[in-house]
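First the structure, in the form of structure tokens, and then the observations on it.
The values are calculated or read from the model by the stated rules, or taken from the named source; none is laboratory data. Computed from a prediction, not measured in an experiment: that's the story for all the values here. Cβ sites come from the backbone with ideal geometry, for glycine too, and all protein chains shown count toward neighbours.
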Amino acid sequence: METLILWLVIGSAIGGASGWFVRNAQVKTQTKGAEAKAQKLIEEAKLEAKEAVIKAKEEATKIIDEAKKDEKERREELLGLEKRLATKEENIEKKLNDLDERREKIEKDKAEIEENKNFLRDLREKQEKALEKIAKLPKEKALEKLLLMVEKDYEKDVADHIRKVKEDAKEEAEKRAREIIATAIQRISSEQTSETTVTSVTIPNDEMKGRIIGREGRNIQAIEKMTGCDIVVDDTPETIVISGFDPVRRQVAKLALERLIVDGRIHPTKIEEAVEKAQSDIDKIVKEAGERAAYETGVAGLPAELVKVLGRLKFRTSFAQNVLEHSIETANLAASIAAEMGADVAIAKKAGLLHDVGKAIDQEMGGSHAIISKDICKKFGIDEKVQHAVEAHHEDVPPTTVEAIIVLASDAISASRPGARRDSIENYIKRLKELEEIASSFDGVEKSFAIQAGREVRVMVMPEKISDLEAEKLAKNVARKIESDLKFPGQIKVNVIRETRAVEYAK
């Protein structure tokens, strides 16, 4: 038993030793394999590192070459820039030298000129003293005498020269003015019709007059009280006349009477209703007329109350010309002329539209309608330039802007075109007579004639009293006198005629 155990122990020891040797051999084999593999990896890593180093060196070399190339290009650019700067510097120095030389020359010439001026001044003083000594006259008297002699000797030449200069300037100005005005008128198409304020109402029969008057005149009194107009019922067949200063009130009275006549029921209550309805309708018409005028002329932004005042001009006439239509025409003409002349079109147009707005209320206020128009514009905050153009359109104040002169001219064109206005024969004859009286009031005038419907005044002068030069002065003085004493649309030509006749008889 013990022997068996011993052999078992020995066998176990031998088996364990054999296993250890086998295991140790396996470990050594695995270790050698791992070392070989590691060595291989190290070799591969060294090869890759070597290749990376070579590649890095190549890239570094390439970058260095590019940097050297860029540096060379920049160095060349800097050299070129330095050369250009050097060239410019040389040119500037050369120009400065030239300027210095020119300055020196100018200073030298200036000194010479000053020296010559002093020499001439001294020489002139010596000559003047010599002349005074010879003529025994002071310088002022000698100059006056010399000018009189020259004026007398060359009077005709001076007059001819003045006439030529005036004719040339006038011809050029008229040519340009005709072009501008023709262009403006061509663009503005307006009817050449005249209107009159209707102040009469047609009735179907004379029996209606009694119904309008009413018992003890209560109907006509009610109409007059509510409209502010006088109702004239006379012997004129089938007609009633409305008299009043305010054209809007006359229109209200006319409309109310026409409606009462159509209705047939005429008594104070019905009259009140008719007048109120007519007033409402006229207010609406006035507003629409003002808005239409602003729209047609392109004038925007006017206050509503000012538009209503402007619309009242629909029922206002001047020399049978409707004032609202005249205002629209003036605005369009002013805008066209301003555009041709390069002036402010908006100011000219607005001033042209509002230049006669004072005529809407001039029955209620005293003074020139131009001043009233300006005050209305000021009240509603209209631009000061527009106010001035409105105020100056009849030269109540002198026009100081181009737009004011344009509005003045446009107003005259609209008023004086054919068919625009009508005048009574009494006023027409009175104006012609006043023209002749103004021309005849000057010394040396023999006769004067107003011709071409008052557009020209022909003045015949005495040749022994008026010279050619004085005839030029006389024409200007007559024109100024007409401008200051008369009011007229358009322009009046003053034609001074000096005629000398030499008569001899053969015997």
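Within region 244-271, how many residues are touching a Ser or Thr at 6+ places or on another chain (Cβ under 7 Å) and either modelled with pLDDT under 80 or over 25 Å from L313 (Cβ atoms) (or both)?
1
Looking only at region 196-229, which residues are closer than 15 Å to V252 by Cβ and either of a type outside the set (S, T, Y) or assigned to a loop (DSSP other than H, G, I, E, B) (or both)?
Of everything in region 196-229, those that are closer than 15 Å to V252 by Cβ and either of a type outside the set (S, T, Y) or assigned to a loop (DSSP other than H, G, I, E, B) (or both) turn out to be T197, V198, T199, V201, A222, I223, E224, K225, M226, G228, C229.
Give the residues of region 432-460 that are aromatic (F, W, Y) and under 14 Å from A471 (Cα atoms), sorted by residue number. So that I can check it myself, show each step before the final result.
Applying the first criterion (aromatic (F, W, Y)) to region 432-460 yields 442, 449.
F442, the sole residue that qualifies.
Answer yes or no as to whether R218 is among the basic types (K, R), over 49 Å from the mean Cα position of the chain (by Cα) and at pLDDT 85 or above.
Working: among the basic types (K, R): yes; over 49 Å from the mean Cα position of the chain (by Cα): yes; at pLDDT 85 or above: yes.
When the stated conditions are applied, R218 passes them.
Which number in (1) in contact (Cβ under 8 Å) with a residue 24 or more places away in the chain; (2) charged (D, E, K, R); (3) surrounded by fewer than 20 Cβ atoms within 10 Å (Cβ to Cβ); (4) closer than 12 Å to T227 by Cβ marks the one condition that D281 misses?
Among (1) in contact (Cβ under 8 Å) with a residue 24 or more places away in the chain; (2) charged (D, E, K, R); (3) surrounded by fewer than 20 Cβ atoms within 10 Å (Cβ to Cβ); (4) closer than 12 Å to T227 by Cβ, the lone unmet condition for D281 is (4).
For region 477-506, what are the residues that are surrounded by 13 or more Cβ atoms within 10 Å (Cβ to Cβ) and charged (D, E, K, R)?
Passing the criteria: K481, E483, R498.
Can you name the residue in region 230-245 that is touching a residue at least 40 places away in the same chain (Cβ under 8 Å) and assigned to a strand (DSSP E or B) and is also farthest from the chain's Cα centre (by Cα) among such residues?
I240
Each row is one residue, and each column tells you yes or no for (1) touching a residue at least 40 places away in the same chain (Cβ under 8 Å); (2) of a type in the set (D, E).
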{"residue": "A300", "(1), (2)": "no, no"}
{"residue": "E305", "(1), (2)": "yes, yes"}
{"residue": "V309", "(1), (2)": "yes, no"}
{"residue": "T317", "(1), (2)": "yes, no"}
{"residue": "V323", "(1), (2)": "no, no"}
{"residue": "E340", "(1), (2)": "yes, yes"}
{"residue": "A343", "(1), (2)": "yes, no"}
{"residue": "I347", "(1), (2)": "yes, no"}
{"residue": "A360", "(1), (2)": "yes, no"}
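Take A343 and tell me if it is within 20 Å of G311 (Cα to Cα), in contact with a helix residue (DSSP H, G or I) (Cβ under 6 Å, 6 or more places away or on another chain) and assigned by TED's automatic domain parsing to the domain that holds L306. Let's see the steps before the verdict.
Numbers: within 20 Å of G311 (Cα to Cα): no; in contact with a helix residue (DSSP H, G or I) (Cβ under 6 Å, 6 or more places away or on another chain): yes; assigned by TED's automatic domain parsing to the domain that holds L306: yes.
Here the answer is no, as A343 does not meet what is asked.
Kindly check whether there is at least one residue in region 385-407 that is modelled with pLDDT under 85, polar (S, T, N, Q) and outside any loop (DSSP other than H, G, I, E, B).
Checked against the condition, which is being modelled with pLDDT under 85, polar (S, T, N, Q) and outside any loop (DSSP other than H, G, I, E, B), region 385-407 yields no hits at all.
Q279 versus (1) under 37 Å from the mean Cα position of the chain (by Cα); (2) within 20 Å of S200 (Cα to Cα): which is the lone unmet condition?
(1)
If you check every pair at least six apart or on different chains, which have Cβ atoms under 9 Å apart with a residue in region 420-446 that is surrounded by fewer than 16 Cβ atoms within 10 Å (Cβ to Cβ) and in a loop (DSSP other than H, G, I, E, B) first and a residue that is polar (S, T, N, Q) and modelled with pLDDT under 80 second?
Between residues of region 420-446 that are surrounded by fewer than 16 Cβ atoms within 10 Å (Cβ to Cβ) and in a loop (DSSP other than H, G, I, E, B) and residues that are polar (S, T, N, Q) and modelled with pLDDT under 80, the close pairs are R422/S194; R422/T196; R422/Q321.
Go over the candidates E329, E340, E296 one by one and state the one that is crowded, with 20+ Cβ neighbours inside 10 Å, among the acidic types (D, E) and under 27 Å from L408 (Cβ atoms).
Details: E340 fails: crowded, with 20+ Cβ neighbours inside 10 Å; E296 fails: crowded, with 20+ Cβ neighbours inside 10 Å.
On inspection, the qualifying residue turns out to be E329.
Being modelled with pLDDT of 80 or more and acidic (D, E) is true for just one of D235, D230, D168, D206. Which residue is that? Steps first, answer last, please.
Details: D235 fails: modelled with pLDDT of 80 or more; D168 fails: modelled with pLDDT of 80 or more; D206 fails: modelled with pLDDT of 80 or more.
Criteria check complete, one pass: D230.
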